[in-house]
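Input: a single structure, listed below in structure tokens.
The values are calculated or read from the model by the stated rules, or taken from the named source; none is laboratory data. Predicted model only: the values in this text are computed from it and were never measured. Every residue, glycine among them, receives a Cβ derived from its backbone with ideal geometry; neighbour counts consider all protein chains shown.
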Amino acid sequence: MLIDMPPLRFAQSNGIRMGYYEAGPKSDMPPLVLCHGWPEIAFSWRHQIKALAAAGIRVIAPDQRGYGATDRPSAVEAYDLEQLTADLVGLLDHLQIDQAIFVGHDWGGFVVWQMPLRHRARVAGVVSLNTPHTPRAPVDPIQILRKRFGEQMYIVQFQNPAREVDAIFDNHVAQTFDCFMRKPLARPESSAPNLAFPQIVAAYDAATDRRSPILSAEEKQVFVDTFSRSGFSGGINWYRNMTRNWQRCAELDPVVRVPALMIMAENDAVLPPSAADGMERLVPDLEKVLVRDSGHWTQQEKPQEVSDKLIEWRRRRFG
């Protein structure tokens, strides 16, 4: 059994077998469905699962497509937003739940913002940690990232079909989580982050890192054991669909017509609070909250603050 996690269960959803964790009273509606980012798993929500269940709130946390205990289809196209959102609808169907509040962090944030656009009838509300809802880009987003950050930017590197970058992470699993899962150091506002993540991981030396780890040795081992079995390609395939997602959402109405909460992290270098400026134009019923002294891994860096806000907002908006 994973540290602080309820029993692992399985659902047949959208043609795959999905692993998920569930806690809290089944009578509580609407439940919260917690959607992780990259490179994470449902275990990333361990603190919130425990706190929400203790508060009498039903919570469901899946390992999403390509991750952990869930199937990893071979085709890259199997990881586009149409499939990722349909997986969550299938999970609700399996659990016989009409509507849920979808909570996402990092890539999970992109997925949950898509849920009310694609499956409005199944969505009671949306919460995103760090990831804003933005207008559809005027051109292919990979083209924008390549022009702005260059070929070494990690998302641009992920587009390489030869998958050399996948092997870097697969061959440095413990090093990846040692490098990523740390609190950021203070940096000048004007300094741009180094986004060549594969090369940073390959050259990483924990002995010279001044940042504080956010995982205990036991917690880190859960991530290391999981990704040693699964590899990183499933999650990286989400990035390989960014152009496809952009092409296929041209006709979608981008306005989110459900209650929404945006949780921003003060020190997130990749998804800073300023990225959420102007979101109200696309999300009319929006609340924002800033978590201070937190980097990108907000629900793990500041678990109590995130849990408390989720509980307060859920009770206030949904009873």
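For residues that are outside any helix (DSSP H, G or I) and within 22 Å of the chain's Cα centre (by Cα), scanning just the stretch 140-159, find the one that is farthest from Trp38 (Cα to Cα).
If we take residues in the stretch 140-159 being outside any helix (DSSP H, G or I) and within 22 Å of the chain's Cα centre (by Cα), then Asp140 is farthest from Trp38 (Cα to Cα).
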Notebook entry, point to check: In the stretch 271-287, what residues are over 21 Å from Ala192 (Cβ atoms) and touching a Leu at 6+ places or on another chain (Cβ under 8 Å)?
Noted result: Met279, Glu280, Leu286, Glu287
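Could you say which residue among Gly104, Gly108, Gly125 is touching a His at 6+ places or on another chain (Cβ under 7 Å) and under 30 Å from Pro303 (Cα atoms)? Break it down into steps so the answer makes sense when it comes.
Values: Gly104 fails: touching a His at 6+ places or on another chain (Cβ under 7 Å); Gly125 fails: touching a His at 6+ places or on another chain (Cβ under 7 Å).
Exactly one of Gly104, Gly108, Gly125 is touching a His at 6+ places or on another chain (Cβ under 7 Å) and under 30 Å from Pro303 (Cα atoms), namely Gly108.
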Checklist line | Within the stretch 112-126, considering residues that are touching a strand residue (DSSP E or B) at 6+ places or on another chain (Cβ under 6 Å) and more than 15 Å from Gly90 (Cβ to Cβ), the one surrounded by the most Cβ atoms within 10 Å (Cβ to Cβ) | finding: Val112
Margin query: Please return the ranges of helices (runs of 4 or more DSSP H) entirely within the stretch 208-319 where 2 or more residues are in contact (Cβ under 8 Å) with a residue 40 or more places away in the chain and β-branched (Val, Ile, Thr).
Written below: 217-230, 303-318
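Filter the stretch 50-89 down to the residues that are among the basic types (Lys, Arg) and more than 27 Å from Phe318 (Cβ to Cβ), then identify the one that is surrounded by the fewest Cβ atoms within 10 Å (Cβ to Cβ). Let's see the steps before the verdict.
Quick first cut of the stretch 50-89, residues among the basic types (Lys, Arg) only: 50, 58, 65, 72.
With more than 27 Å from Phe318 (Cβ to Cβ) added as a condition, the list becomes 65, 72.
Values: Arg65: 26, Arg72: 17.
Out of the qualifying residues, it is Arg72.
Could you tell me whether Gly109 is in a strand (DSSP E or B) and either surrounded by fewer than 20 Cβ atoms within 10 Å (Cβ to Cβ) or of a type outside the set (A, V, I, L, M, F, W, C) (or both)? Walk me through it before giving the result.
Numbers: in a strand (DSSP E or B): no; either surrounded by fewer than 20 Cβ atoms within 10 Å (Cβ to Cβ) or of a type outside the set (A, V, I, L, M, F, W, C) (or both): yes.
Spelling it out, it is not the case that Gly109 is in a strand (DSSP E or B) and either surrounded by fewer than 20 Cβ atoms within 10 Å (Cβ to Cβ) or of a type outside the set (A, V, I, L, M, F, W, C) (or both).
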Notebook entry, point to check: For Ser294, are the conditions met, namely being at negative phi and surrounded by fewer than 22 Cβ atoms within 10 Å (Cβ to Cβ)?
Noted result: no
Checklist line | Sole exception among (1) within 30 Å of Glu280 (Cα to Cα); (2) at pLDDT 95 or above; (3) out of contact with any Lys or Arg (no Cβ under 6 Å at 6 or more places or on another chain); (4) not hydroxyl-bearing (Ser, Thr, Tyr) for Pro259, by number | finding: (3)
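Considering the stretch 160-180 alone, what residues qualify as being farther than 30 Å from Ser212 by Cβ and outside any helix (DSSP H, G or I)?
Across the stretch 160-180, the qualifying residues are Asn160, Pro161, Ala162, Arg163.
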Check: With respect to the numbered conditions (1) more than 17 Å from Ala186 (Cβ to Cβ); (2) among the small types (Gly, Ala, Ser); (3) under 18 Å from the mean Cα position of the chain (by Cα), which one is the sole condition not fulfilled by Ala250?
Finding: (3)
Next item on the list: Please determine, by comparing only the residues of the stretch 125-156 that are without any contact (Cβ under 8 Å) to a residue 12 or more places away in the chain and not basic (Lys, Arg), which one is nearest to Trp107 (Cα to Cα).
Entry: Leu145
Checklist line | Near pairs, Cβ below 6 angstrom, 6+ apart or cross-chain, from the stretch 192-204 (at pLDDT below 95) to any residue that is of a type outside the set (S, T, N, Q) and not in a loop (DSSP other than H, G, I, E, B) | finding: Leu195/Phe149; Leu195/Tyr154
Item checked: Index of the failed condition, Pro193 passing every other in (1) within 27 Å of Gln299 (Cβ to Cβ); (2) in contact with a Pro (Cβ under 7 Å, 6 or more places away or on another chain); (3) outside any helix (DSSP H, G or I) -> (2)
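State yes or no: is Leu282 within 16 Å of the chain's Cα centre (by Cα), of a type outside the set (Phe, Trp, Tyr) and surrounded by 15 or more Cβ atoms within 10 Å (Cβ to Cβ)? Walk me through it before giving the result.
Working: within 16 Å of the chain's Cα centre (by Cα): no; of a type outside the set (Phe, Trp, Tyr): yes; surrounded by 15 or more Cβ atoms within 10 Å (Cβ to Cβ): yes.
Here the answer is no, as Leu282 does not meet what is asked.
I'm trying to understand the selection: among the residues of the stretch 90-106, which are under 17 Å from Phe318 (Cα atoms) and surrounded by fewer than 21 Cβ atoms within 10 Å (Cβ to Cβ)?
At the first step, the residues of the stretch 90-106 found to be under 17 Å from Phe318 (Cα atoms) are 97-103.
Within the stretch 90-106, Ile97, Asp98, Gln99 qualify.
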